[in-house]
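A.B. asks: This structure is in structure tokens; I'll ask about it shortly.
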Amino acid sequence: MLIYNTLKRRKEEFIPLHPGKVRMYVCGITAYDYCHIGHARSCVVFDVLVRYLRSQGYDVTFVRNFTDVDDKIIKRAQQEKLTEDEVAEKYIEAFYLDMDELNVLKADIEPRATRHIPEMIQVTQVLLDKGYAYSTAAGDVYFRVRKMPHYGLLSARNVEELQSGSRIAPDEDKEDPLDFALWKAARPEEPSWESPWGKGRPGWHLECTAMSEKYLGIPFDIHGGGEDLTFPHHENEKAQSEAAFGREFVRYWIHNGFVRVDSEKMSKSLGNFITIRDIINSFHGEVLRFFLLTKHYRSPLDYSDGSLEEAEKALKRIYWAKTALQKELQKEKWSKGQEFSEADQELNSLSQKWDDAMLDDMNTAEAVGYVFGLVRLANRMLENKVFRKSEAGRDVMQKMLDQLDKWGHSLGIFHRPGKEFLEELKFMRCRRYDIDPEFVLKMVQKRQEARNNKDFKAADEIRHQLAEQGIEVMDTSEGPKWDFA
RNA sequence: GGCGGCAUAGCCAAGUGGUAAGGCAGCGGUCUGCAAAACCGCCAUUCUCCGGUUCAAAUCCGGAUGCCGCCUCCA
């Protein structure tokens, strides 16, 4: 598999350190607020990476942390009149609920910073012993950035430029403005832990070093996160880890692109963020997940309500085909004769292309294109009566469904029973447009009565009435059905 | 100011040297009492612009313009 390594700034063949095993660490959330679509993207992207690596036969150990001690949590605790622990607990719980909606799997290990204070103190002590860190009279401990010769390699900047362009607040106690805190001396009213340097709390970057070393060992294979973490977080994490352990920290650095709104980064500080729970009020979680995968993970992704509507329609198309296949396969009698090797070959070809796309830096956008290739193939074949009724056709149909399942397993979508999912979508739409499904059903029944009486004029009137609300009535062999246009 | 990225149809979007995937919208046809879905056909001689390299460029190089990100907490 080819993976774009931020450190090298190019795609590289992914070769794990231990054959068949992948050790992967992704920076999780700071638990002080509800997750927005940007968090959703990061979580979904790395969830797909884990799923796909597993589908390729790798034994993946996936660690995703929770930052539960931090300035923002402290501030939030004061605002909400809760303890820091309660704040973290509240938003971690919310995180899990959101991830369930998005069908994001739990990581194998989900460590929290506050439960690894001794490990962090130990790393700090090693850095002090090795001369990479220094403590101040105030009880802070800082990392000596200039002592690391390759500092800046990951984020493509050099220390001189950082210095000159510095918006870094000079700190009286720091030897150098570039130095960053490993340990912060306690301030009143803030959570703190005993340490050899007095009471205090860990700096942000330290937890990832301590916990990844503990659960994965160094070096490990993949470290991921949003691209805004590249600097300073990952750069600092890398520096302190390599200084402490004296060897390479991470082999492949993977960063996902931002979600944007009106061409601007979605972020807390800009206040233009939309939370996951806002979305799933009116859109199915799977629609959001699908939308997030329709663009390559490293590109910026523009969010709008319209783009979700579009994703919903596209996803619906896939489920329609899935439902049609499932329905055909319920038959019990099948006829002999006629092969459908062309369809079979096309299916194989799509399967190959899909893997090629995923193996090339996880190109889910291209891969989704091949899913539609299958949808079109399935629909086309389903037009053929002989195909639908023959054993050979049945085998191809089953293979199509299996393929869809397999792809869906990696992408974390298309896994719902088709009919059920389409009903759920309909329900979401009713809620979004404030339409009463009972009322619609009544109208549909009324129209059917008119139709039975051959009163097509009255029937059409109801059709038009419903159409004004964006509702289509479909006359099928199983009676009338309705859905949004 | 420094560093980095992006620019493909009405919209979204894939495509890093071999002649423009896919989705949405739209148009024509089949099907239908009328529709919807589905199917068939159409929908970028061209990839922001200007130069260059090459038998061959959306893809490589140089320049211009526009947009965005990082350099401060941020997925």
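A.B. asks: For A:Leu347, state whether it is more than 27 Å from A:Asp47 (Cβ to Cβ), out of contact with any Phe, Trp or Tyr (no Cβ under 9 Å at 6 or more places or on another chain) and either within 16 Å of RNA strand B (Cβ to nearest atom) or not in a loop (DSSP other than H, G, I, E, B) (or both). It would help to see each step written out before you state the result.
C.D. replies: Numbers: more than 27 Å from A:Asp47 (Cβ to Cβ): no; out of contact with any Phe, Trp or Tyr (no Cβ under 9 Å at 6 or more places or on another chain): yes; either within 16 Å of RNA strand B (Cβ to nearest atom) or not in a loop (DSSP other than H, G, I, E, B) (or both): yes.
So A:Leu347 fails the test.
A.B. asks: Looking at the range A:229-255, which of its residues are near RNA strand B (Cβ under 9 Å from one of its atoms), open to solvent by 10 Å² or more (accessible area, probe 1.4 Å) and touching a strand residue (DSSP E or B) at 6+ places or on another chain (Cβ under 8 Å)?
C.D. replies: A:Leu229, A:Thr230, A:Pro232, A:His255
A.B. asks: I'd like the full set of residues that are part of a strand (DSSP E or B) and either among the basic types (Lys, Arg) or open to solvent by 10 Å² or more (accessible area, probe 1.4 Å) (or both), limited to the range A:256-300.
C.D. replies: The first filter runs over the range A:256-300 and keeps only residues part of a strand (DSSP E or B), leaving A:256, A:259-261, A:264-265, A:275.
Within the range A:256-300, A:Arg260, A:Val261, A:Glu264, A:Lys265, A:Thr275 qualify.
A.B. asks: Here's another thing I want to ask about it. Which of the following residues is β-branched (Val, Ile, Thr) and assigned to a loop (DSSP other than H, G, I, E, B): A:Val50, A:Val87, A:Val69?
C.D. replies: Values: A:Val50 fails: assigned to a loop (DSSP other than H, G, I, E, B); A:Val87 fails: assigned to a loop (DSSP other than H, G, I, E, B).
Result of the check over A:Val50, A:Val87, A:Val69: A:Val69.
A.B. asks: Another question about this same structure. Condition (residue is part of a helix (DSSP H, G or I), open to solvent by 90 Å² or more (accessible area, probe 1.4 Å) and within 30 Å of A:Glu339 (Cβ to Cβ)) applied to the range A:439-452: is it met by at least one residue?
C.D. replies: no
A.B. asks: Filter the range A:199-218 for residues that are assigned to a loop (DSSP other than H, G, I, E, B) and open to solvent by 30 Å² or more (accessible area, probe 1.4 Å); which is farthest from A:Val60 (Cα to Cα)? Lay out the reasoning, then the answer.
C.D. replies: Step one: list which residues in the range A:199-218 are assigned to a loop (DSSP other than H, G, I, E, B), which gives A:199, A:203-205, A:216-218.
Narrowing further to those that are open to solvent by 30 Å² or more (accessible area, probe 1.4 Å): A:199, A:204.
Values: A:Lys199: 38, A:Trp204: 26 Å.
Among residues in the range A:199-218 that are assigned to a loop (DSSP other than H, G, I, E, B) and open to solvent by 30 Å² or more (accessible area, probe 1.4 Å), the one farthest from A:Val60 (Cα to Cα) is A:Lys199.
A.B. asks: Report yes if some residue within the range A:43-66 is out of contact with any helix residue (DSSP H, G or I) (no Cβ under 8 Å at 6 or more places or on another chain) and on the phi > 0 side of the Ramachandran plot; otherwise report no.
C.D. replies: Looking through the range A:43-66, at least one residue is out of contact with any helix residue (DSSP H, G or I) (no Cβ under 8 Å at 6 or more places or on another chain) and on the phi > 0 side of the Ramachandran plot.
A.B. asks: Also, I was wondering about something else. Could you go through the range A:131-154 and let me know if any residue there is within 10 Å of RNA strand B (Cβ to nearest atom) and in a loop (DSSP other than H, G, I, E, B). Step through it out loud before you land on a result.
C.D. replies: Taking the range A:131-154 first, the residues within 10 Å of RNA strand B (Cβ to nearest atom) are A:152.
Now drop any that are not in a loop (DSSP other than H, G, I, E, B), which leaves A:152.
Yes; the residues of the range A:131-154 include at least one that is within 10 Å of RNA strand B (Cβ to nearest atom) and in a loop (DSSP other than H, G, I, E, B).
A.B. asks: Do the conditions hold for A:Ile15, that is, is it hydrophobic (A, V, I, L, M, F, W, C) and without any contact (Cβ under 8 Å) to a residue 24 or more places away in the chain?
C.D. replies: Working: hydrophobic (A, V, I, L, M, F, W, C): yes; without any contact (Cβ under 8 Å) to a residue 24 or more places away in the chain: yes.
Yes: the conditions hold for A:Ile15.
The values are calculated or read from the model by the stated rules, or taken from the named source; none is laboratory data. Just so it is clear, the model here is predicted, and its values are computed rather than measured. Cβ sites come from the backbone with ideal geometry, for glycine too, and all protein chains shown count toward neighbours. Keep in mind that these areas ignore ligands, DNA and RNA; they rest on the heavy atoms of the full protein, side chains included. Shrake-Rupley method; radii C 1.70, N 1.55, O 1.52, S 1.80 Å.
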